[in-house]
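See below for the structure under consideration.
Read the figures in this text as sums done on the coordinates, not as results from a lab. Bear in mind the structure is a predicted one, so any value in this text is a computation, not a measurement. Reconstructed Cβ throughout: ideal geometry from the backbone, glycine too, with neighbour counts over all protein chains shown.
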Amino acid sequence: MPPSPRSKRSRGSVSKVAAVGVTVGLLMMLGLGLLLWQDRGTRIAGGQRQALALSTGVDRLLRQELGSLERALGGISADAARYGDRAPEQADALLRDAIAGVVARRAELASVVLVDAQGRALAEGGQGDEDLPQWSARAHGQLAVGGLEPDGQGGWRLRVALPFDDGRWLLGRLHTVAIERMIDDLDVGREGQVTVLDRNGVVIARSPDADRHVGRRTRLPPELRDARGTTSGLRVSQIDGVARLSGFSATSGYDLIVVAGLGVREALVPWYRNVSLAIGFLLLYWLGMGYFLRRLAKGERVREALLSELEEQADWLDQAQRASRTGVWRMEADGERIKVSAHMAALYGFEPKGGVMPLADFFARMHPDDRDEVERAFARTLEAGEPYQAEFRVHPRPGVERWLRKRGGLVSDSQGTARVSGTVVDVTEGHEAQARIERAEAQFRALFERNPLPFWVFDEQTLRFLAVNDAAVASYGYSEAEFRRMTILDIRPRDERAKVEASMAQRGPREDVDGIWSHVRRDGSRLDVRVFSSGIEFAGRPARLVLAEDVSDRVAYERDLAWRASHDDLTGLSRLSSLIEEVNARHVPGTRYAVAFVRIRGMELIAPTLGAHTSELLLREVAARIDEVGRRFGLSGFWPGESFVVVALDAARREEMLAALEEMVSVPVDTEGGAHPVEASIGIAEGPEDGQGAEQVIGHAALAALQARREQLPLLPYDGGMAEQATERIALARQLRSALDQGEFELHYQPIRRVADGRVVALEALLRWRHEGRMVSPAVFVPLAEASGLIVPIGCWVLEQAARCHARLGERALGGVSIAVNVSAVQLLGDTLTSVVRQVQREYALSPGALHVELTESVVLRQPQTARARMLELREAGVSISIDDFGTGFSSMAYLRDLPLDYLKIDRSFVQGVHADERNASICRALIALAHGLGLGTIAEGVEQPEELDWLRANGCDQAQGYLLGRPAPLAEVLDAISSAGA
């Protein structure tokens, strides 16, 4: 209810009194603040004057003391002059006595020494000062003051000097205790201090706390660094951080400054008392003002409450009728009119002013279908005194309809006259809500019955079906009557009933649940459905409304996608990432498991020789065997690149698992092309260690398998050194990338001699890497270079160096000697080898046959057609070609027949001991005969004994190389060896 004008006036008077009181209080605060501020300034200025007077007084005492000392030292100078005139031969002794006398008479002097211009003592045993030239320059004929120095007994001495004669000085050392006695007894309060400083800001003496501060350096005010005079101000000490009213004096004529300071807090103690009194006064004023205003406001509130109570009672009835949409009426004594409230008039569409209105007007606004019944009820109340109650429709204005509920009865007024009185309530919203409910029920029934998806309602307690739609009947094959005799457990697989019951038990009341469930039709077939469930009230009982969408096809598709994401398509085994997750999930903390990494050898040759189909059949069969072993002992998976992983979840079954793997490997695989043996390198590792997971343990097993393959071992356990070696190889591969740019590669050359006469016919270029002062084995860095692709630029560099080598051979009249270069598979099968060869031939004017390319059998077998095309290009360029290490790989007569070759190089394993080993001798005879039969030359490698060379000569071998015929060495050494041998 809005405030009345009377209450507004009373509140206004209180506000005026409050405004006057606040204004007076603020003016008092402002006046007292100004007075206190002026008082504070006056006290600070007085403190500064006192501090300046104190510092000036100490400065005068200091001038007297140093003046006295200057006169004493001056007297020594005067005495020395007299001694020189009167007794020159005794002048030095007399001078020493004069100095000793002054020192003895003046207790403040520690010593006086005669020194030269550089501060060196002129008397034996005296202590000079090398810094004298720096600080004495400011003396200008009077006593110069230098810096402090410790006296060796926990005290300090101040250096002073007075010019003597001929550039000499009297150097004195003054105990600072003498200066401290001048200022010790001065009254400066608890926080005050007096300090004597030199021109560099070093503390000479201080009171109090001299022991802690003498010798410390502080920053001087800019105006006192070189000036002489006085100044004052409020400063915070750099020594102890105390704010003081300070005075500075430098009027003594010496390089000393006196600082006297009085604590600001002590100087302002009376001012603080005045502030406290002012604050107390203001607090009392404001408290009194607040109390007065409170009492005044309380009295005004009491008066307002008495005045507004009647207004509030009238307004309360109006608000109640408005909030409840209720009107009040009473029939007048004549029985033809009724007195109504404004709200009742508004409900009927009359002007909402209330008052007395004809009864007929109200009946005229009623709906024709309800009017007669209302009139009869009203008549019964008038005649028999029955309670009056009716619910009817009215039309307050055209096109608008309201439902009203009217109640009343006979009551007696204050004169005892019986009259009919009652209330009218607007119940339109209730009727509209009921209509909406009826429409919603009809719509729900239509939606439920005609929904194309299965719909049903079941009891939450008994799980029995209460209602089902036609789609559920069609989808599940049960009739509606059969459904009503069933529970939801009857459409679930039997093995999932416990899961359903647990789900219902855990679900809270009216909790909505989505999910995919398996259901069973009447014919026993299964379907996957996504269930949308919601709690409802059905026939007064808690129930659930369920919609079931058939998602069988989508679930099957998602399962297939999930399987493909975690399994390899070809082998059907788990991918590595899925295997790692499963091992980590199934591992029991505190236990260990064993991992076998099975690397199948020779698979890279199956597809190019027997076809991709045979290769896939072989891989699938091996995968099936691996899967069987994995199921027996734990898990298995596929590592792309023809490798498999088997995990024994119990490390105690490690040996049993390895035996099963060895048995699997020992049995050949039958394919369409026949039986194929399975060769494998197996690495074994156990784990996990602290902080490890399955990924690290599998990686250890893979390192062991890789090492086993290099060492041609069937099985090799992991040890920590393998990881270190792998790390070293990775670091070496990284360093290999910069080796070529940094010039770390070099070529050594090994002679190839003609067996018949021992002449050098070729030099084989052998790549060497000198890294950080040591040679790295080619067996280590060449595979790294091939794997990283760096072998291509390195190979180009080797070809260029070989061409340069041949140019140098021409200078030594050895132009007929060719240079043999080893070419990797990456170089040969690339597109740049022939162009590089032609480029170096043009650049260095190489003749045909000057370059000799050596290839391995594996290079030719990897891509036979491409290899043959590249070899023909090299042949056209005038390059000789040989097959290196012949007989150690998958030797094929076909490529010997079809490829453009010039030489076969017999591997050293066959040449070693050929004169004594009949098997090696038979192989070498066959290879020599084969080569000669095809029109090819032969080169024997690794000749180290004279008997081996004699056998090769006797059996028709064309050329040979080895330590017996010349070790690999830099080109200069090889050329010198060839020249000295004359061959």
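Here are the numbers:
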item	result
Segment GLU662-LEU934, length gained on full extension (0.36 nm per residue, minus Cα span)	93.6 nm
Point-charge dipole on Cβ atoms (K/R +1, D/E -1) for the chain, about Cα centre, debye to 20	4900
Kirkwood hydrodynamic radius over Cα pairs of the range 451-555, then Stokes diffusion coefficient at 20 °C and 1.002 mPa s, in µm²/s	155
Quarter of the Cα convex hull surface for the range 1-159, i.e. its orientation-mean projected area (nm²)	20.4
CD proxy at 222 nm, helix term only [per DSSP H run n ≥ 4: -39500 (n - 2.57); per residue of the chain; nearest 500]	-15500 deg cm²/dmol
Between the range 918-983 and the range 91-135, the alpha-carbon center distance in angstrom	98
Structure-derived mean projected area of the Cα convex hull in nm² - corresponding label in (i) 43.9; (ii) 114.5; (iii) 96.1	(iii)
FRET efficiency for ALA18 and LEU277, using Cβ-Cβ distance with R0 set to 25 Å, rounded to 0.05	0.45
Within the chain, longest stretch free of exposed chymotrypsin sites (Phe, Trp or Tyr not before Pro) [DSSP loop, at most 12 other beta carbons within 10 Å]	1-889
Length added when fully stretched, ARG759-GLN134, from 0.36 nm per residue minus Cα-Cα	216.2 nm
Per-residue Cβ neighbour rank within 10 angstrom, fewest leading, THR23, THR251	THR23, THR251
Relative contact order computed over the range 827-983 (Cα-Cα under 8 Å; 6+ residues apart), in percent	16
Charge dipole (the range 570-718, unit charges on Cβ, about Cα centre) - positive-most of VAL588, VAL647, GLY683	VAL588
Mean projected area in nm² (Cα convex hull; one quarter of hull surface) for the range 570-718	8.2
Fewest-first ranking of LEU975, LEU284, using other Cβ atoms within 10 Å as the exposure measure	LEU284, LEU975
Neighbour cut-off at most 14 other Cβ (10 Å), DSSP loop, GluC sites (Glu not before Pro), the range 750-802	GLU772
Ranked list, fewest to most other Cβ atoms within 10 Å of each Cβ, for CYS924, CYS805	CYS805, CYS924
Cα convex hull of the range 326-426, projected area averaged across orientations, nm²	6.0
DSSP loop trypsin sites (Lys or Arg not before Pro) with at most 11 other Cβ within 10 Å excluded, longest remaining stretch of the chain	486-983
For the range 45-267, convex hull volume per residue from C-alpha positions, Å³	113
